């Protein structure tokens, strides 16, 4: 037995040395969460939490073994006030960054910043199906971390003078054993897509990406993807990505390779002066749709079949700031004030909505029949 233990230790040491020699970076144990941004669930009870300030993505095993009770999340008004009370502060000092639904228990998880700026403290809050809030003990959870090795320098600025480090991770999505991470890098072509296998092994494929922005009339390599989702088309896996001002672009997943440069296919221009906030896929009457939530243009419902048929927008496409917009068709749906959404069950979404009368935040279910 001692010989086997010694041999195992030797093998483990060799593995770690090999990873280090390959330039891989992986952290295990209790990660120091410096910020809590975008959320995504992976296999089992794993919740991925984006940490731009810490230039990492953390995978927490939540041990959320609650069985579906048949109850549905009640509407929760002033969710920002309730989170603030839980954290011992005021709603003014709470920023809810993202929401994610545990696919088994249907508990809803919120990533939160307590305070603003460099001194903001990260937290993750659970809302159970009875509407009860609790602080998730991340320090007590089993966790591993994947370091973003090409993150912008701490003092780097965008062309508009904004801190680039805050845009290290702008969205994440898990698909087929890999975590896809969008954001900015320290490279000349800053817009980046990373592909990280899970369980984390220290590997990360980073691809710089370029798009044609019709409303600007030029190719862009510095604008970050704001929100993304995986989808299948013609038997091939893609990422559908939305940018500010608002190109909609597809990227084939099999073209994401470490050190490569990839041009996406712009399939729509959805309007200037707008930032996409979230994007999900849902089914309605047996047909798949994509829903894009926006800062100033409401919700946009797109048939998945229309995405499959969409042609590319290029320098030959006549794009102006006037209507009609070009590319894949969409239906504007009345979803004013909705900031984030996630699938809850077969016919409902859970949404984070700002009440347009009071300004407070609400967490509630939204039936897809209304979309």
Restricting to the chain, what percent of DSSP beta bridges are antiparallel, rounded to 5? 95 percent
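Starting with the highest mean, order 137-146, 246-255 by the number of other Cβ atoms within 10 Å, averaged over the residues of each peptide.
On the way: 137-146: 17.1, 246-255: 20.2.
Highest-to-lowest ranking by the protection proxy: 246-255, 137-146.
Restricting the count to DSSP beta bridges whose residues both fall in segment 119-276, what percent are antiparallel, rounded to a multiple of 5?
Working: 40 of 43 bridges.
Expressed as a percentage, antiparallel bridges in segment 119-276 total about 95.
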At 7 Å along Cα-to-Cβ for each site, give me the label-to-label distance between residue 158 and residue 295 in nm. 0.8 nm
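Could you list 60, 282 so that the one with the fewest beta carbons within 10 Å of its beta carbon is first and the one with the most is last?
282, 60
With the Cα gyration tensor of segment 19-128 giving a ≥ b ≥ c as the square roots of its eigenvalues, does the rule (a/c under 1.5 for rounded; else a/b larger than b/c for prolate; else oblate) give rounded, prolate or oblate?
Working: a/c = 2.90, a/b = 1.23, b/c = 2.35.
Verdict is oblate for segment 19-128.
Convert 25 °C to kelvin, take the viscosity as 0.890 mPa s, use the Kirkwood radius over C-alpha pairs of the chain as Rh, and evaluate the Stokes-Einstein diffusion coefficient in µm²/s, rounded to a whole number. Let's see the in-between values first.
Numbers: Rh = 21.6 Å.
Translational diffusion coefficient: 114 µm²/s.
Determine, from the Cβ-Cβ distance of residue 142 and residue 219 and an R0 of 51 Å, the FRET efficiency 1/(1 + (r/R0)^6), rounded to the nearest 0.05.
Numbers: r = 44 Å, r/R0 = 0.86.
Step by step, r from the Cβ atoms, then E = 0.70.
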If you split all Cα-Cα distances of segment 96-188 into 5 Å bins from zero, what percentages do you get per bin, shortest first? 3, 10, 15, 20, 22, 15, 9, 5, 2, 0
Roughly how many nanometres apart are two label points built 7 Å out from the Cα toward the Cβ at residue 331 and residue 316? 3.3 nm
For q = 0.18, 0.23, 0.28, 0.35 Å⁻¹, what log10 I(q)/I(0) does segment 329-371 give under the Debye formula with an equal point scatterer on each alpha carbon and no solvent? -0.54, -0.81, -1.03, -1.22
How much length, in nm to one decimal, is gained on full extension between residue 72 and residue 281, taken as 0.36 nm per residue of separation minus their Cα-Cα distance? 73.2 nm
7 Å from Cα along Cα→Cβ at both residue 355 and residue 369: what's the point-to-point distance in nm? 2.6 nm
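Using 0.36 nm per residue, how much length does the chain from residue 149 to residue 236 gain when fully extended, once their Cα-Cα distance is taken away? It would help to have the intermediate numbers written out before the result.
Numbers: separation 87, 0.36 × 87 = 31.32 nm, distance 2.84 nm.
Separation in residues times 0.36 nm, less the Cα-Cα distance, equals 28.5 nm.
May I ask you to order 258-266, 99-107 by the average number of other C-beta atoms within 10 Å around their residues, highest value first?
Values: 258-266: 15.7, 99-107: 19.0.
So the peptides 258-266, 99-107, ranked by packing, come out 99-107, 258-266.
Given segment 185-322, what whole percent of its Cα pairs are spread farther than 22 Å?
Details: 3685 of 9453 pairs.
Pairs farther apart than 22 Å: 39 percent.
Where a number appears in this text, it was derived from the coordinates with a stated rule and is not lab data. Since the structure is predicted, the reported quantities are computational estimates derived from the model, not experimental observations. Counting neighbours? That spans all protein chains shown, and the Cβs are built from the backbone with ideal geometry, glycine included.
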